[in-house]
Amino acid sequence: MSTGNTYLAVFCGSKTSPRRAAWDALPEAERRSREREGIDAWKAWVERHQSAIVAMGGPLGKTKKISERGIEDISNNLGAFTVVRAESHEAAARLFERHPHFTIFPGDFIEIMPVLPIPDSRSAAA
């Protein structure tokens, strides 16, 4: 993947946030209705921004942390990811304004960061 003007969007949300607690407290029929509304809105967002999407990404599952101490199960606030291409960091961020992740679903925020090229070992030695 070329990294020029490429940005990683990470969808974040806490399972213990007040927004999530309110979502979980909804009657099941209302929650299902909002889920359908959210999925439709997300699909519409994808259609509007199809030309900017490099990798659709998707939801993230359970997390394993690997370190010198070994492998362990952990929890974090990462929920999904998408990779987009935009003219600037600001333009990439603007793609996600009013996104259904936090306007319909109980997501907290979306983080956008540039995907940088891997340094060439020859230039690192200079």
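The values are calculated or read from the model by the stated rules, or taken from the named source; none is laboratory data. Since this is a predicted model, take the numbers as computed values, not measurements. Cβ coordinates were reconstructed from backbone atoms using ideal geometry, including for glycine residues, and neighbour counts include every protein chain displayed. These accessible areas exclude ligands, DNA and RNA; they are computed on the full protein's heavy atoms, side chains included. Shrake-Rupley method; radii C 1.70, N 1.55, O 1.52, S 1.80 Å.
Of the peptides 105-115, 62-72, 29-39, the order by per-residue mean of other Cβ atoms within 10 Å, starting with the highest, comes out as 105-115, 29-39, 62-72. Computed from the Cβ-Cβ distance with R0 of 25 Å, the FRET efficiency linking residue 29 to residue 73 stands at 0.15. Distance between the pseudo-spin-label points of residue 19 and residue 118 (7 Å out from Cα toward the beta carbon): 3.5 nm. Axis angle, to the nearest 10 degrees, between helix 28-48 and the longest C-alpha principal axis of the chain: 40 degrees.
With every protein chain present, what is the per residue accessible area of the chain (1.4 Å probe, Å²)? Walk me through the intermediate numbers first.
On the way: 8670 Å² over 126 residues.
Each residue of the chain exposes 69 Å² on average to a 1.4 Å probe.
Around the amide H of residue 79, modelled in the peptide plane, lie the amide H atoms of 11, 12, 13, all under 5 Å away and 5 or more residues distant in sequence or on another chain.
The alpha carbon centroids of the range 11-28 and the range 63-116 are separated by 18 Å. Taking label positions 7 Å along the Cα-Cβ direction at both residue 88 and residue 43, the computed distance is 3.5 nm, reported to one decimal.
Would you work out if the chain is rounded, prolate or oblate? Take a ≥ b ≥ c from the square roots of the eigenvalues of the alpha-carbon gyration tensor; rounded if a/c is under 1.5, else prolate when a/b is larger than b/c, oblate otherwise. Don't skip to the end; give the middle numbers.
Details: a/c = 2.82, a/b = 1.39, b/c = 2.03.
Note, shape of the chain comes out oblate.
Highest mean first, the peptides 47-58, 79-90 sorted by other C-beta atoms within 10 Å per residue fall in the order 79-90, 47-58. Taking each of 15/65; 15/62; 15/43 in turn, the alpha-carbon distance tops 22 angstrom for 15/43. Computed about the Cα centre, the dipole magnitude for the range 8-64 is approximately 260 debye when only Lys and Arg (+1) and Asp and Glu (-1) carry charge, each at its Cβ.
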